[in-house]
1. For the range 26-40, how many residues meet the condition of being under 26 Å from the mean Cα position of the chain (by Cα) and surrounded by fewer than 19 Cβ atoms within 10 Å (Cβ to Cβ)?
2. Counting only residues that are part of a helix (DSSP H, G or I) and either loosely packed, with under 14 Cβ neighbours inside 10 Å or in contact with a strand residue (DSSP E or B) (Cβ under 6 Å, 6 or more places away or on another chain) (or both), how many does the range 3-21 have?
3. Kindly check whether there is at least one residue in the range 41-53 that is surrounded by fewer than 24 Cβ atoms within 10 Å (Cβ to Cβ) and either touching a residue at least 40 places away in the same chain (Cβ under 8 Å) or in contact with a helix residue (DSSP H, G or I) (Cβ under 8 Å, 6 or more places away or on another chain) (or both).
4. When the residues of the range 207-237 are filtered to those that are among the hydrophobic types (A, V, I, L, M, F, W, C) and over 21 Å from residue 129 (Cα atoms), which remaining residue is surrounded by the fewest Cβ atoms within 10 Å (Cβ to Cβ)?
5. Being surrounded by 14 or more Cβ atoms within 10 Å (Cβ to Cβ) and either of a type in the set (Val, Ile, Thr) or in contact (Cβ under 8 Å) with a residue 24 or more places away in the chain (or both) is the filter here, so list the residues in the range 189-206 that pass it.
6. Mind checking whether some residue in the range 257-277 is on the phi > 0 side of the Ramachandran plot, surrounded by 15 or more Cβ atoms within 10 Å (Cβ to Cβ) and either in the same structural domain as residue 218 (by TED's automatic domain parsing) or among the basic types (Lys, Arg) (or both)?
7. I'm trying to understand the selection: among the residues of the range 219-276, which are more than 30 Å from residue 19 (Cβ to Cβ), part of a loop (DSSP other than H, G, I, E, B) and of a type in the set (S, T, N, Q)?
8. With the condition kept exactly as written, say whether any residue in the range 420-430 is within 30 Å of residue 102 (Cβ to Cβ) and touching a Ser or Thr at 6+ places or on another chain (Cβ under 7 Å).
Amino acid sequence: MYLENINGPEDIKKLNIEELKGLADETRSALINKISKAGGHSGPNLGMVEMTVALHYVFNSPKDKLVFDVSHQCYPHKILTGRKQAFIEEEHFHDVTGYTNPNESEHDIFTIGHTSTSISLALGLAKGRDVNKKDENIIAIIGDGSLSGGEALEGLDYAGEYDKNLIIIANDNDQSIAENHGGIYKSLKALRDTNGESSNNIFKSFGLDYRYLEDGHDIGKLIELFQSVKYIDHPVVLHIHTIKGKGLSYAEQNRESWHAGGPFNVEDGSPKFKSASGDTTVADSIKNLMDTNPKAVVVNAGTPMGLGMVKGVREEYVKRGQFVDVGIAEENAMAMISGIARNGGTAVFGTFAPFLQRTYDQLSHDLCLNDNPATILVLSPGVYGMNSNTHIALCDIQQFAHVPNLIYLAPSCTEEYTKMFEFSTTQKEHPVAIRVPGNMTSRGVEDNTDYSIYNKNKVMQKGTKVALFAVGILVPMAMKIAKKVKEELGLDITVINPLFLTGLDENLLNELKENHKLVITIEDGELMGGYGQNIASFYGDSDMKVKNYGISKEFHTDFEAEKLLADCGISVENIVNEIKKCI
């Protein structure tokens, strides 16, 4: 046993090559132990085991700084830097996060969960080292999928003129989350096919030194390569070919499915728990659009599964030219749909809400300033989306609702989503974004709303004294609140589903002044600058009392949606008590 004696990189340096191979095997076993029982990012981490062992054998972390892009591939690093217990013992599985985290260890430099960042961050560390006249190695680790992102290319561009120590490791497993897309991958393939000798070398075109290693799982060769560039006096790219999912045959064969997932049986990869069949409303709407509208083009940025365009489904639409995956390049996708719409196509761009944060300039300038009628599907926003501080999207309303010309719609059920999508992909007036919650369900009633009448709210229940505005997915909670108020106070309150987040229904707001004295707003995004505060501002010079509820301004992480809502005052009990106090 080697791993039991490894408490940090200094212990790794005491081992010989054969012992390092044994350590790699035990590290992979610890990794499989955890991901098979608790889930997580499987493929990226399995492919990084030998490289991580070699990195810590050669370099001197934390003096030498390792920057993991996305940090999907940081689990072996955590195991070898004093956190092995979190991978071996189930009671400690939740002691560490799924991403690098400086609060856990001095060996983690940044909290990172988004792609294409490591080269730029490493360049910043290098410049900081330079001005402080230090001499550590700066190592950026980036996967081939992340190289499609604009920030990575910008980083490579500046690295080409930088003139001091910088080591860029391009971990090439020929796979992003799904397959790679883009011209850069022709260069990577040519390099793999020629053992790094091809003249079609994207890295050299930036003016960078370059070395290639075909077997990224040969610890001896990895160590030799890393030792050859330790304390190098200029930027160098180490292009290393690895196998995503290494060590689990089914993960190696089906790399897309094994990028990440839940607990599984190690013997055959079958899931340990039967997952509920997911809602197919979004996928059905996307497929129906492409099947019935030959001018429709659906654009995605490296996350086709979010739109239901999984392997085996998307190929026919790709062949038709109707489904386009631009790779991890959301900015490009946002600008492209503006061009598609301007030139007569029906354009849709859908991806997960946290990744749309990268597109703010293209959203505002390229799309909305030009007022082109494209559709954006904002997948899994708010508290019912992802819950890591690297992947939360609690400010989507602030991002989308305040851009001129954009219509931001918030469905509360599948029927509303379907009607909104039909509207957005047939109208030709403005860009439309739809806030698609992760736990959207059917109400069982067809939506007959005319969405061409902008900012018209839907009154779910008419009442007096109190009006409760609930954004999107919180409408069912609002109806429960109304029912409880009726039961306990004998009062029918008004419940309003805003539908539009980019404007106010001023006629309705003025009507409420006649027989209401309290307006309450609830939303599952950040309170500051959110929808409710727009209503509070409208009533500012009136006698109407307004109480806004939303999520507090923090980088919340690893939260349970219902608990976070309740902690921020958004629960049936708390809102009912608020109404009791005011009535």
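The values are calculated or read from the model by the stated rules, or taken from the named source; none is laboratory data. Model, not experiment: these values are computed from the prediction. Note that we place each Cβ from the backbone using ideal geometry, even for glycine, and neighbour counts take in every protein chain shown.
1. Residues flagged as under 26 Å from the mean Cα position of the chain (by Cα) and surrounded by fewer than 19 Cβ atoms within 10 Å (Cβ to Cβ) within the range 26-40 amount to 4.
2. Residues of the range 3-21 part of a helix (DSSP H, G or I): 3-5, 9-12, 17-21.
Still in the running and either loosely packed, with under 14 Cβ neighbours inside 10 Å or in contact with a strand residue (DSSP E or B) (Cβ under 6 Å, 6 or more places away or on another chain) (or both): 4-5, 10, 17-19.
Of the residues in the range 3-21, 6 are part of a helix (DSSP H, G or I) and either loosely packed, with under 14 Cβ neighbours inside 10 Å or in contact with a strand residue (DSSP E or B) (Cβ under 6 Å, 6 or more places away or on another chain) (or both).
3. Our first condition is that a residue be surrounded by fewer than 24 Cβ atoms within 10 Å (Cβ to Cβ); within the range 41-53, this holds for 41.
The next check asks that each one be either touching a residue at least 40 places away in the same chain (Cβ under 8 Å) or in contact with a helix residue (DSSP H, G or I) (Cβ under 8 Å, 6 or more places away or on another chain) (or both); those that pass are 41.
Yes.
4. Taking the range 207-237 first, the residues among the hydrophobic types (A, V, I, L, M, F, W, C) are 208, 213, 219, 222-223, 225-226, 229, 232, 236-237.
So of that shortlist, the ones also over 21 Å from residue 129 (Cα atoms) come out as 213, 219, 222-223, 225.
Details: 213: 22, 219: 21, 222: 24, 223: 18, 225: 20.
Ranking the candidates gives 223 first.
5. Correct list: 191, 192, 196, 202, 203, 206.
6. no
7. Answer for the range 219-276, where residues must be more than 30 Å from residue 19 (Cβ to Cβ), part of a loop (DSSP other than H, G, I, E, B) and of a type in the set (S, T, N, Q): 254, 257, 265, 270, 275.
8. In the first step, residues of the range 420-430 are kept if they are within 30 Å of residue 102 (Cβ to Cβ); the result is none.
No: the range 420-430 contains no residue that is within 30 Å of residue 102 (Cβ to Cβ) and touching a Ser or Thr at 6+ places or on another chain (Cβ under 7 Å).
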